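The values are calculated or read from the model by the stated rules, or taken from the named source; none is laboratory data. Fair warning: this is a prediction, and the values are worked out from it, not measured in the lab. Every residue, glycine among them, receives a Cβ derived from its backbone with ideal geometry; neighbour counts consider all protein chains shown.
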Amino acid sequence: MAALANDSLEYILVHTPQLQGIYAGLGGTFATLVDGCLRKNILPGFYENGMIKRAELKDNKLVLVLSEKKTDADLLSLLDVAIRNVGGFPSQNQAADAWMVEVNCEIEK
Amino acid sequence: MAMKTGAEYIESVKSLTPRVFVAGKRVENMLENATTLSVIRATAKVYELAEDPKYKETMVATSHLTGEPINRNLNVARSNYDLDMRAEMALLTSQMLGTCNYRCVGCDTLNALASSTWEMDQEMGTNYNQRLNTYLKWAQDNDLACSGAITDPKGDRFKRPSEQDDPDMHLRVVEKRADGIVVRGAKVSQSGAIGAHETIVLPGGALKPGEEQFAVAFALPNGTPGITYICQYTPYTAEREAAESIEELGNPEFGQRETSTIVFDDVFIPWERVFLCGETKYCGRLVARFAKTHRMNCGGACKVGYCDLIIGACKLASEYTGLQKVPHIQEKLIDMVRISETSHACAIAAAAKGREEPEGSGVYMPDDLFGNVAKLNIAHGFWEIMKMAGDIAGGGVVTMPNERDLNNPEIGPYIKKYFKSAAPAEQRLRIIKFIQNWVAGLHGAGTWHGAGSPQAQRVAIQFLTDWEAKKALAKNLAHIKD
């Protein structure tokens, strides 16, 4: 029965400076997140302009800098909403070849 | 992963923030807006029904992909029994909700795709069916609520999609990339998409060579960037917004049927979620398979459940007014049952006469003719039933005061005194309000157009009926020789 479907889940590892979270989604979930941040310049699930100060894809890593000062918990919470909105769910598993999101905030001067 | 409970479903949508508008205002929290909340409550109820041992046979199926129990809304029919239970689920959810099972269209789109992707893979060597099964297994594992989106805005109806002044009148692919596609356009009249986790999108109809950009089917999470939901706004929306308590409303918890227009503003869809892209030859068959499935369920089961509610309410109304023994009332109630159960019988026949399509796919589709007849019959019959319901319920169905009047200390005693009949005023007003929800509500036109307007069923019936065979039978008995 299982041969009818692939288990093509992908994993996304989210890093803030201090915290991390792991998400699993169908293949293409990371690509949808990246497309939202880079092409549309919005964090999925959030619609105000200017929230993303910088977004860059480096190999398998999405580097995000969000506007204003935010705690690590805030950053992780924002990415939690973003990834859930593109079809990813929190996961206990972690694959060796996980995609990565490195998220930080704009430092107040 | 186990099936979700109603509470787990609600928890899962709390963290979703799709871009939803009601009456020109952005809905920031779908659990705090009266309209969107009614959709979420209704969807939660569908999850709860699957938890109830009493409804397990109807609401729970076994996945052909994993062998695990799954919500039937994510099941692909693999037998006549599956088809029958699918229709029974539509009946049950309508009886329990009095509005849409908002997972219903998604279920029928998945079944149509299961059939057509298998066919495409066999004939063209694509891997759409594998993709769909992988998607479906993931949706089943997470017990996701999937809605369906089919109807394009269409623009000038006399022009083909490729002839429109604005090419976005039919959802289309505007870019193909290595990792996926970008789509633009809109889908209208989508029931309950705002409360779903995912939407399954099909082309709006048959397409010809040269119209490849419009030939696209895919699934997407409802929070995908570029998606906007613009909800319908009706007098019932306004009434719900203005209500001090949901007890004032005709269907307090679950409301009328809520739909939205979904705008796709250059939305990225990864290839893993694309199930048809450019294959115009298969679009007509795909949509026809959706239509026959949905017409069996919508026409011969869902609306029959609504009729059960209306008939029950009319029986109560006749008792509350002391008219239950009046012959013409009894006659009307019997006629309502006759109309409703005729459509129900068509759904049962469509399931019983259904067959594997295409042969070898393992996917069962209902009988096309019975499915179309079920829908066409109820499209007309539902108005008839509402006419009789309005008759039995009386003029109060459009002239009644509000429940707030009943509770007002100054005027409440008048209401209690003058609206009392064979039952207290409270009961009488409540059942009249319930009937108003139907006969002066949205379901008449909704039933007419839902699953395709009657003209679509007439075209199908014209095509499906073997007129020559019927003529030959008549000629044989009448001794007419050519």
**Prompt:** Among the listed residues B:K470, B:K417, which satisfies the condition of being out of contact with any helix residue (DSSP H, G or I) (no Cβ under 9 Å at 6 or more places or on another chain), in a helix (DSSP H, G or I) and surrounded by fewer than 14 Cβ atoms within 10 Å (Cβ to Cβ)?
**Reply:** B:K470
**Request:** For region B:232-273, name all the residues that are touching a strand residue (DSSP E or B) at 6+ places or on another chain (Cβ under 6 Å), surrounded by fewer than 22 Cβ atoms within 10 Å (Cβ to Cβ) and not aromatic (F, W, Y).
**Result:** B:Q232, B:T261, B:V263, B:D266
**Request:** Run B:R131 past the list (1) closer than 30 Å to B:P53 by Cα; (2) in a helix (DSSP H, G or I) and report the number of the one that doesn't hold.
**Result:** (1)
**Asked** Under 8 Å by Cβ, and 6 or more places apart or on different chains, what pairs join a residue from region B:118-134 that is within 10 Å of B:E272 (Cα to Cα) with one that is in a helix (DSSP H, G or I) and among the hydroxyl-bearing types (S, T, Y)?
**Response** B:Y128/B:T117; B:R131/B:T117; B:L132/B:T117
**Among (1) in contact (Cβ under 8 Å) with a residue 12 or more places away in the chain; (2) within 26 Å of B:G250 (Cα to Cα); (3) surrounded by fewer than 23 Cβ atoms within 10 Å (Cβ to Cβ); (4) not hydroxyl-bearing (S, T, Y) - the single one B:K353 does not satisfy** = (2)
**Request:** Within region A:73-109, track down each residue that is part of a loop (DSSP other than H, G, I, E, B), more than 12 Å from the chain's Cα centre (by Cα) and either of a type in the set (D, E) or away from chain B (no Cβ under 14 Å) (or both).
**Result:** A:Q94, A:A95, A:A96, A:D97, A:E106, A:I107, A:E108, A:K109
**Request:** Determine if region B:152-161 includes at least one residue that is surrounded by 24 or more Cβ atoms within 10 Å (Cβ to Cβ), away from every other protein chain (no Cβ under 14 Å) and either in contact with a strand residue (DSSP E or B) (Cβ under 6 Å, 6 or more places away or on another chain) or at pLDDT 95 or above (or both).
**Result:** yes
**Fill in**
The correct count of residues that are away from chain B (no Cβ under 12 Å), of a type in the set (D, E, K, R) and farther than 16 Å from A:C105 by Cα in region A:19-72 is 3
**Subset of region B:438-452 [modelled with pLDDT under 95 and either of a type in the set (V, I, T) or assigned to a helix (DSSP H, G or I) (or both)]** = B:H443, B:G444, B:A445, B:G446, B:T447, B:W448, B:H449
**3 or more residues closer than 21 Å to B:S260 by Cβ: qualifying strands (runs of 3 or more DSSP E) within region B:157-213** = B:180-191, B:198-201
**Message:** Test of understanding: among B:T224, B:T261, which residue is within 20 Å of B:E28 (Cα to Cα), out of contact with any Asp or Glu (no Cβ under 8 Å at 6 or more places or on another chain), part of a loop (DSSP other than H, G, I, E, B) and at pLDDT 95 or above?
**Reply:** B:T224
**Asked** Taking into account only those residues within region B:13-43 that are aliphatic (A, V, I, L, M) and in a loop (DSSP other than H, G, I, E, B), which is surrounded by the most Cβ atoms within 10 Å (Cβ to Cβ)?
**Response** B:M30
**Single match in B:R295, B:R285 (criterion: of a type in the set (K, R), in a helix (DSSP H, G or I) and surrounded by fewer than 18 Cβ atoms within 10 Å (Cβ to Cβ))** = B:R285
**Message:** Name the single residue that is farthest from the other protein chains (Cβ to nearest Cβ) among those in region B:227-258 being more than 19 Å from the chain's Cα centre (by Cα) and in a loop (DSSP other than H, G, I, E, B).
**Reply:** B:G250
**Selection within region B:160-174 - among the charged types (D, E, K, R), over 18 Å from B:A219 (Cβ atoms) and touching a residue at least 40 places away in the same chain (Cβ under 8 Å)** = B:R160
**Selected residue (criterion: surrounded by the fewest Cβ atoms within 10 Å (Cβ to Cβ)) from residues of region B:77-105 that are over 17 Å from the mean Cα position of the chain (by Cα) and part of a loop (DSSP other than H, G, I, E, B)** = B:S79
**Asked** If you go through region B:192-226, how many residues are within 20 Å of the chain's Cα centre (by Cα) and hydroxyl-bearing (S, T, Y)?
**Response** 1
